[in-house]
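One structure is given below, encoded as structure tokens.
What follows draws every value from the coordinates through simple rules; no lab data is involved. Just so we're clear, the structure is a prediction, and the values are computed from it rather than from any experiment. All Cβ positions, even for glycine, are placed from backbone atoms using ideal geometry, and neighbour counts span all protein chains on display.
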Amino acid sequence: MALITVLCEAYSPTLFDWNFGYSWYAAGLPVFHWAEFIGFSGLSAVTLLCNLPLLYAWRYRQYARGRQLLGAVLTGFALLNLGGLWLKQRLPEPDANLRALLVQGNIGNTEKMAAELGRGYQEGILRTFMRVTDQALKNSSQPIDFALWPETAFPALMGVDLNPSSYTEQLGEFLRARQLPLVTGTYSVDLKSSLITNSLFALNAQGEIVPPHYSKTILLAFGEYIPGEQWFPRIREWLPPTGQFARGQGPTTLLQLNGFRMGPQICYESLFPWFARSLADLGAQFIVNTTNDSWYGSWQEPWQHMYMTLARGVEFRRPVLRATNTGISTVGLANGEVLEQSPLHQEWAGVYDIPYLKTPPVTFYQSAYWLVPALLWAALAWLLFKGSRPASLNSNA
């Protein structure tokens, strides 16, 4: 039953794939560093399986073996935390540093939806991001390697195959005047389907697009697409406000800007370790994540999503830069340290000095991604086989 519980937690379909491993990261306990070997899903499995010896410890609490089991679990937990501290200390020293400006525009959903539907607000949204960026540049005495704007921050279409709009011209003039490279979330168009894409673009200090760009691949159900619409097109008649975006090509390319190799990731995609693993396999030096969490208010989701996003940096030992529309914007380092966090639902900008490795090593989790699931399924198969044998054979064994 313990193994079945673990496998159900890992494989039951959920919209927001939280697990118990993330809780150790949010709590700041060093045990989370073992995610470098087994991922946060593996940490969650260990956490759930520890309930089995704790159950027996409770059942036999009046006997010595119950106290011994409890002591063994507590000792193991202490040793794992000490091992986590050692894992952090053994990380290679970074050999490079970048300075990034993260910008949070705090644009409300009404304005964003209207801009997406072409019903105004584009000019005001763009001016907000440029104004907040300008204020941060004036307060910074050191040059900025690039600025990072959040998901769909630029409120118009962008693409090398598209005619420039007045908004792209304004943005180009803004970047040229400040000699500021930019990575921004924006909209583009998939030429094959003629559908809009939720994309990330890199622009150099001259305001020119630096190909390739990236388009979001893992779309949010009922937000960016309607499940089953390709088989039952009439569903859209029942849900007309639902977005209809084209999918990107997956984690198959990196953003290239001034020699940096950035792993692009948009919002919901940060929940999936396999996605970040593919970026690491491509040689990403760090991950840039753009997000819009404004839909969820200010209760738990902003913190939950933040730790799930930064967790990918621990599993693959690469910094994660996270710019959001309404918070929480921050940077997670390869050693798991979380830097200054932005306030919620406020205009904000922050400059971060981020150490990183030019050629990050492959983590054990990256190379043995399927090890923990394989062990769990093999253990369940063995237990089922053992339990299916006649009782006499089991007793003789």
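A few comments on the model shown:
- Put a dot 7 Å past the Cα of THR252, heading toward its Cβ, do the same for LEU220, and the two dots end up 2.5 nm apart.
- If you take all other residues with their beta carbon under 14 Å from the beta carbon of SER166, and give Lys and Arg +1 and Asp and Glu -1, the sum is -2.
- Potential lengthening between THR110 and SER194 on full extension [0.36 nm per residue; Cα-Cα distance subtracted]: 27.7 nm
- For region 201-259, average projected area of the Cα convex hull in nm²: 5.4
- Residue among LEU195, GLN285, VAL183 farthest towards the positive dipole end of the chain, charges placed on Cβ: GLN285
- Hull-based mean projected area of the chain, where the convex hull spans the alpha carbons, in square nanometres: 24.0
- Sorted peptide list for 322-334, 261-273, 68-80, 17-29, criterion being average Cβ within 10 angstrom, highest first: 322-334, 261-273, 17-29, 68-80
- Distance between modelled label sites at PHE364 and PHE20, nm, 7 Å Cα→Cβ extension: 2.1
- Ranked by the mean number of other Cβ atoms within 10 Å of their residues, highest first, the peptides 172-178, 93-99 come out as 172-178, 93-99.
- Amide H contacts for SER298 (H built 1.01 Å from N in the peptide plane; partners 5 or more residues away or on another chain; cut-off under 5 Å): none found.
- Remark: SER188, SER141 ranked as SER141, SER188, counting other beta-carbon atoms within 10 Å and listing the fewest first.
- Ranked from largest, the principal axis spans of the Cα set of region 74-159 equal 60, 36, 26 Å.
- Relative to the Cα centre, the charge distribution of the chain, modelled as +1 at Lys and Arg Cβ and -1 at Asp and Glu Cβ, gives a dipole magnitude of about 1360 debye.
- Spin-label model, TRP58 to THR242: label points 7 Å out along the Cα-to-beta-carbon direction sit 4.1 nm apart.
- Lysine pair count for the chain (Cα-Cα distance under 28 Å; residues 8 or more apart in sequence or on different chains): 6.
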